[in-house]
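Everything below concerns the one structure shown next.
Every number here is computed from the coordinates shown, using simple stated rules; none is lab data. Since the model is a prediction, treat every value here as computed from it, not as a measurement. Here the Cβ is made from the backbone with ideal geometry for all residues, glycine too, and neighbour counts use every protein chain on show.
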Protein chains: 2
Amino acid sequence: MPELRKDAVTGTWVIVAAERSKRPHDFNLQGHHLKHNDCIFCYGNENKTPPEVLAWRPLGGEPNTPGWTVRAFPNKFPAVTVQGAPDCRETPDGNIMTAVGAHEVIVDCPDHSVSFGQLSDRQAELVIQALVERFRVLSRNPMVRYIQVFKNCGTAAGSSIEHVHWQLISVPVVPENVLRETAGAEKYREKHGVCGYCRMISGQGTGGERVIETGADFVVFSPFASRFPYETWILPRRHEADFRGIGDKELTSLGRILRKTVGRIEQALDYPPYNIVLHSAPLDKGYRDYHWHLEIMPRLSVAAGFELGTGVFINPVAPEISAAVLREADPGMRQEPVRKGGN
Amino acid sequence: MPELRKDAVTGTWVIVAAERSKRPHDFNLQGHHLKHNDCIFCYGNENKTPPEVLAWRPLGGEPNTPGWTVRAFPNKFPAVTVQGAPDCRETPDGNIMTAVGAHEVIVDCPDHSVSFGQLSDRQAELVIQALVERFRVLSRNPMVRYIQVFKNCGTAAGSSIEHVHWQLISVPVVPENVLRETAGAEKYREKHGVCGYCRMISGQGTGGERVIETGADFVVFSPFASRFPYETWILPRRHEADFRGIGDKELTSLGRILRKTVGRIEQALDYPPYNIVLHSAPLDKGYRDYHWHLEIMPRLSVAAGFELGTGVFINPVAPEISAAVLREADPGMRQEPVRKGGN
């Protein structure tokens, strides 16, 4: 069973995923991408994944068969387990509990060769809709305290599968980063009388030097203290702590602006490896001062000893430069979804 | 000038290193290693580095010429600047200050093709001695609040230079990770009446399932909440917060046991990329409850979206397995240093 273990001094949790256990020779540093035909995320290989938990099939059809536009299913090699209860135990070495939770995959489109920035606006919207729906379903489990939604794209961003997809992992603890961020948001509000994230948006009028795009519902910008070259945040204009609070109109806007932003990054940086990370409030309390958002992190450099020791990232690109480059980048817009018969 | 910027909400510092600024096409994801003859860390290229700040020449000789066994100099592309004062300014976006500090390199031996685990015990001891000496010198600058000592080995660990070396970066702030760790150590002491790190050592008698080696002065083990596969810590038996407090006998022991431990990792994992990070107390206060140590992190997997979002690492190798593998590994001992005429 995968375990959550907490360092007795720092309080940092880790997941020791026994099911994924590897001996020295099992690691593949170069990464490998499955060939097109072997991809279990492609049409015709639905029986090679665990049974689907969501699929949009505009023309109908049986579950776990081709014909879907977006499809979600449990991860075949989960980092957490759906079985049992967390059962936190204190040991002399630190706390330990079963890593109870769900680990799901959402495949963004049937086409193996398409990137997220190459999706149609409509397809991107469907993907966001699927994310919201699975997030809502997973959050109903009372043992779950936090859900991390993320996208890994490219080997250097930790992805072993090329076919464009998202993942959700739910956990029975509130992770340290989330605690720090929500506590910081509360402190900021107390000190300044306004949400720190709302402040970031209002400080970024059109023409601001770190702004990339301003939409009716979302603002895209390079954050002041960017950790990564070309790090990009997407913030909803409306103050809301919880991703589940997203409205229908916002959902459509988010699909469009996220696709466009990833398109800019793909064009400017030649399809770099990247991660997208959703930041949303923990599930178990009303974190009114928090403000959900997305963080996009191209992985052009490697966190090395200095970063691992201090937590301070060295960023060789000033966010003002990053914003200028991405503002001018072609967002690679396509008008219509690709609807191929197979993959 | 490189800047330190602090996120207004999370309080996280970053260094925006303008001098290292890169446009999109400047990033090299595959990494590249300089050819042997072009290596500026090799004999004969001393004039291609900034002037040395330390060098041991057993047979004498002029500064910045061959004949040294260990050599230190400022980094040619520093992440911080030795000029000016920090001058912290509050802005609406967050705090900002000049990243004042030193960024130095220590080359472990003249031989380009030797790994740290292949050094002689005596050579490893000389390296530790050089680290302690430069740490002490840099700590005399009253603007410096923390010094990070680290080794990056291999492209996937963030190193662009193959020739074996260490780096030191001093900064005018106490980084967040360090604050959390020292606060955690204090809390642990308050709660349990004993240092958390001393507790880790006493809990690891010979035969403990996470112990790799127990020496007279140091204990080597896989930590309970290992974040990385084959993560390995080296703790001094004697409680001491500050690396500068290391004694002469400990220094000799550390050279030997660190070389041996890296040798085990090199043999077991076939010369993997790795980082070594020194954890020592901040310079500006007496952190009596802290306990300095070294953390060695092989970089066999990539921190992806889940880790970036939560700070929770997913480790596919249980530390009990890691310790068993490394305990049995050949530490690759060599009796005498390699002393070649050139590089």
### Task
Report, for B:ARG89, each distance to the same residue's label point in the other copies, shortest first and in nm; define the point 7 Å along Cα→Cβ.
5.6
## Note on the structure
Mean other chain Cβ within 10 Å across B:179-190 is 3
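Normalized C-alpha radius of gyration of the stretch B:229-343, against 2.2 N^0.38 Å? Each step should come with its number before you reach the end.
Values: Rg = 16.8 Å, N = 115, 2.2 N^0.38 = 13.4 Å.
Expressed relative to 2.2 N^0.38 Å, the Cα Rg reads 1.26.
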### Query
Which order do B:LEU54, A:LEU119 fall in if you start with the one that has the fewest other Cβ atoms within 10 Å?
B:LEU54, A:LEU119
### Message
What percent of all Cα-Cα pairs in the stretch A:3-328 falls into each 20 Å bin, going from 0 up to the bin containing the maximum distance?
### Response
29, 62, 9
### Message
Using a 4.7 Å cut-off between beta carbons, which cysteines in the protein assembly as shown end up with no partner cysteine at all?
### Response
A:CYS88, A:CYS109, A:CYS153, B:CYS88, B:CYS109, B:CYS153
### Query
Shortest first, in nm, what separates the label point of B:ALA216 from those of the same position in the other copies (7 Å along Cα→Cβ)?
7.7
### Query
Considering only A:ALA183, A:PRO74, A:VAL325, whose Cα is most displaced toward the positive end of the charge dipole of the stretch A:3-328, charges sitting on Cβ of Lys, Arg (+1) and Asp, Glu (-1)?
A:ALA183
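Provide Rg over Rh for the stretch B:219-266; use the alpha carbon set for both Rg and the Kirkwood Rh (inverse mean inverse pair distance).
Numbers: Rg = 11.9 Å, Rh = 11.9 Å.
Taking Rh as the inverse mean 1/r over Cα pairs, Rg/Rh reads 1.00.
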### Message
If the elastic network links every pair of Cα atoms under 10 Å, which of A:THR91, A:THR49, A:THR12 fluctuates the most in the Gaussian network model of chain A?
### Response
A:THR91
#### Entry: Tail fraction, Cα-Cα pairs, the protein assembly as shown, threshold 39 Å, whole percent
33
### Task
Normalise the Debye intensity by I(0) for the stretch A:118-239, one equal point scatterer per Cα, no solvent, then take log10 at q = 0.09, 0.12, 0.15 Å⁻¹ and round to two decimals.
-0.34, -0.63, -1.01
### Query
Magnitude of the Cβ-charge dipole of the stretch A:3-328, K/R +1 and D/E -1, about the Cα centre, nearest 20 debye?
300
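I'd like the mean, over residues of B:294-304, of how many other protein chain beta carbons sit within 10 Å of each residue's own Cβ.
Details: counts 0, 3, 0, 3, 2, 6, 6, 6, 15, 7, 14.
Partner Cβ neighbours, averaged per residue: 6.
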### Query
So what's the gap between the Cα centers of the stretch B:133-204 and the stretch A:137-208, to the nearest angstrom?
28
### Summary
Among A:SER202, A:VAL107, B:PHE313, the residue whose Cα sits farthest towards the positive end of the charge dipole of the protein assembly as shown, when +1 is placed on the Cβ of each Lys and Arg and -1 on the Cβ of each Asp and Glu, is A:SER202
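Can you pull a Stokes-Einstein diffusion coefficient for the stretch B:74-184 at 4 °C (1.567 mPa s), Rh from Kirkwood over Cα pairs, as a whole number of µm²/s?
On the way: Rh = 15.7 Å.
The Stokes-Einstein estimate is 82 µm²/s.
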## Note on the structure
Put in order of increasing Cβ neighbours within 10 Å, starting from the fewest, B:TYR43, A:TYR290 give B:TYR43, A:TYR290
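Counting other beta carbons within 10 Å of each Cβ, put B:MET200, A:MET143 in order, fewest first. Write out the running numbers ahead of the final one.
Working: B:MET200 24, A:MET143 12.
Placing the least packed residue first, the sequence is A:MET143, B:MET200.
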### Task
List the residue from chain A whose beta-carbon is nearest to the axis that rotates chain A onto chain B, together with that distance in whole Å.
A:ALA303, 4
